[in-house]
Each structure stands twice: as C-alpha cells, then as structure tokens.
Amino acid sequence: MNIAIDGPSGAGKSSLAKAIARRLSIVYVDTGALYRSIGLYMKEHGIDPKDEVAVSAALPAVDLSLRFENREQHIYLCGRDVGDRIRTPEMSLYASAVSALPAVRAFLLDTQRSIAQKTSVIMDGRDIGTVILPDADVKIFLTASPEARARRRTAELKEKAIDARYEDVLSDMAIRDKNDSTRAIAPAVPAADAVLLDNSDMDAEQTVEAALAIIRKKVAQ
Ligand code: DC
C-alpha cells in the first residue's frame, strides 16, 4: 500500500506521516529532506541555489543515498549523515530554490519511486500524489492557515534549539508557499483524486484520526 501526503510547509505532514507509518507498520519517506540535502550540497560548495546552470552542472557529483535504520530515514550526502544540518530556516529557503529546478526534480524522481516499488510507504512532499506516485492508494492534501502553520513551525524550531521569530517564520513561509505553488514544474497543488484535510483547528491526534478515517474509507472502497 502506498499513501501520498502533500501540502504546504508547516501543515504537519511529517508528524502525521510518522504517526500513520507507526500505526500501519509501513515506512515513512520524507521527500523534503532530499531537496534540503541538495540545498545543503549547494551551500557547502558555494553554489547559488537559483542558478540553474550551476546547480545542474553540480548534480552529477551529488552522492545522495537514502537508508532506513530502525525504520528511521537517514540521508547520506557524500558519505555523511546530513542529520539536523538540513533543518535550519536557511536550508528551507535553499530547498525551496533548488526544488523549482527541473534537473533537480528529475535527479530525485527515481530515488523516490524506487522505494515505493520495494515496500509499502507513506511519503510526504508536494508532488507525491500528482507526479511521484500518481497511482497511490490514498492521497491526502493536508493544509492549514498560514498563521497556524507558522506558529507550529516556530515551536518546532525552538524545540530543536534553532532560534526563530514567529514573524520571520511567517514571512519565510509566504515566500516558500508562493515559490512552491506557482512554480512551472510540479507545483504543490492537490491531485484531482486527493482528499483535502484542513487541520487549522485540529491537534496532532485529531489530525491522525481524521487521516486514518480517510485511509480506511479509501481502502474499503
Ligand atoms: O517539506 P519540506 O519543508 O522539508 O520541503 C522543503 C522544500 O522542498 C519545500 O520548499 C518544497 C520542496 N519540496 C518539493 O518541491 N517537493 C517535495 N516532494 C518535497 C519538498
């Protein structure tokens, strides 16, 4: 079984996908982490993440591998686990920039599809239901108001001891939302057969229950 969870940043896709993966004993794949890792490579090599020519030229040297250790996803970039280095606000903007480039999306396509072919996954991202897994058994587009998303993301960063102000997170989020939903290639929009789930007024557990109800209904069909 493959489940696609798409939606804007800060909607709680990864918390939801992790919880469902545990409940259903399937693998959780965080695809945003792949774009973040490519962003990290560009930063470490002094490459402007918006420079399509330079990023494309660098891609063949990007040695990225995805491993699952105790069901936890680890990304190795040139042999080193990227860990939390990809989680900073700066890396969010790098990821958003590189993710708009067709060469980067093509580079990551097989990595994402081949995992879903090998095992049952719940995969979160922006184009999972539309591009990566168009035949997914269940597609959920998870969303929430920008304010709710910025509040959650600020708390999440603070928990990781990454300094962040709500106002900055909200404005970074507006930039990313715009980049991600208006880009020419694989924009973050719901698939025609996705179920929309707005969790602005739900807590994490209510979101999990709502998503499980959607999954059960789809699987029973
Ligand atoms: O989900 P995230 O915040 O870790 O994603 C980081 C960036 O990568 C985000 O700006 C959108 C982009 N992304 C994408 O274009 N496609 C995906 N499947 C996942 C993420």
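The values are calculated or read from the model by the stated rules, or taken from the named source; none is laboratory data. On a predicted model such as this, the values are computed, not experimentally measured, just so you know. Don't worry about glycine lacking a Cβ; one is built from the backbone with ideal geometry, like all the others, and counts go over all protein chains shown. In case anyone asks, the SASA skips ligands and DNA or RNA and just uses the protein heavy atoms, side chains included. Shrake-Rupley method; radii C 1.70, N 1.55, O 1.52, S 1.80 Å.
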Report summary line: A careful count of residues in region 20-36 that are assigned to a helix (DSSP H, G or I) and more than 10 Å from the ligand (Cβ to nearest atom) gives 5
Report summary line: Cβ pairs under 6 Å, 6+ apart or interchain, first in region 12-28 and of a type outside the set (Phe, Trp, Tyr), second open to solvent by 40 Å² or more (accessible area, probe 1.4 Å) and in a helix (DSSP H, G or I), ordered by first then second residue, are Ser15/Ala204
Report task. Among the candidates Arg36, Arg80, Arg67, single out the residue that is under 18 Å from Lys13 (Cα atoms) and basic (Lys, Arg). Result -> Arg36
Report task. Quickly run through region 159-171 and pick out the residues that are at pLDDT below 90 and either in contact with an Asp or Glu (Cβ under 6 Å, 6 or more places away or on another chain) or not in a loop (DSSP other than H, G, I, E, B) (or both). Result -> Glu159
Report task. Can you work out which of the residues in region 79-93 that are open to solvent by less than 60 Å² (accessible area, probe 1.4 Å) and in a helix (DSSP H, G or I) is nearest to Ala186 (Cα to Cα)? Result -> Ser92
Report task. For region 163-195, enumerate the residues that are open to solvent by 50 Å² or more (accessible area, probe 1.4 Å), over 17 Å from the mean Cα position of the chain (by Cα) and either closer than 14 Å to Asp127 by Cβ or away from the ligand (no atom under 16 Å from the Cβ) (or both). Result -> Asp163, Arg165, Tyr166, Glu167, Ala184, Ala192, Asp193
Requested in this report: Mind telling me which of the residues Ile26, Ile20, Ile47 ends up being open to solvent by 20 Å² or more (accessible area, probe 1.4 Å) and hydrophobic (A, V, I, L, M, F, W, C)?
Outcome: Ile47
Query raised in the report: Just a yes or no: is a residue in region 139-150 closer than 21 Å to Ile86 by Cβ, of a type outside the set (Gly, Ala, Ser), open to solvent by 80 Å² or more (accessible area, probe 1.4 Å) and in contact (Cβ under 8 Å) with a residue 24 or more places away in the chain?
Result: no
Requested in this report: Find the residue count for region 92-140, including only residues that are near the ligand (Cβ under 9 Å from one of its atoms), aliphatic (A, V, I, L, M) and in contact with a strand residue (DSSP E or B) (Cβ under 6 Å, 6 or more places away or on another chain).
Outcome: 2
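From Ala17, Ala4, Ala58, Ala11, which residue is assigned to a helix (DSSP H, G or I) and within 16 Å of the ligand (Cβ to nearest atom)? Can you show your working first?
Numbers: Ala4 fails: assigned to a helix (DSSP H, G or I); Ala58 fails: within 16 Å of the ligand (Cβ to nearest atom); Ala11 fails: assigned to a helix (DSSP H, G or I).
Answer to the check: Ala17.
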Query raised in the report: Which condition number in (1) modelled with pLDDT of 95 or more; (2) open to solvent by less than 40 Å² (accessible area, probe 1.4 Å); (3) of a type in the set (Ser, Thr, Tyr); (4) in a helix (DSSP H, G or I) is the one that Tyr76 fails?
Result: (4)
Query raised in the report: Among the numbered criteria (1) open to solvent by 10 Å² or more (accessible area, probe 1.4 Å); (2) closer than 22 Å to Glu156 by Cβ; (3) more than 9 Å from the ligand (Cβ to nearest atom), which single criterion is violated by Arg67?
Result: (2)
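Which of the following residues is under 13 Å from the mean Cα position of the chain (by Cα), at pLDDT 95 or above and open to solvent by less than 10 Å² (accessible area, probe 1.4 Å): Ser9, Ser37, Ser96? Let's see the steps before the verdict.
Details: Ser9 fails: at pLDDT 95 or above; Ser96 fails: at pLDDT 95 or above.
Residue meeting the stated conditions: Ser37.
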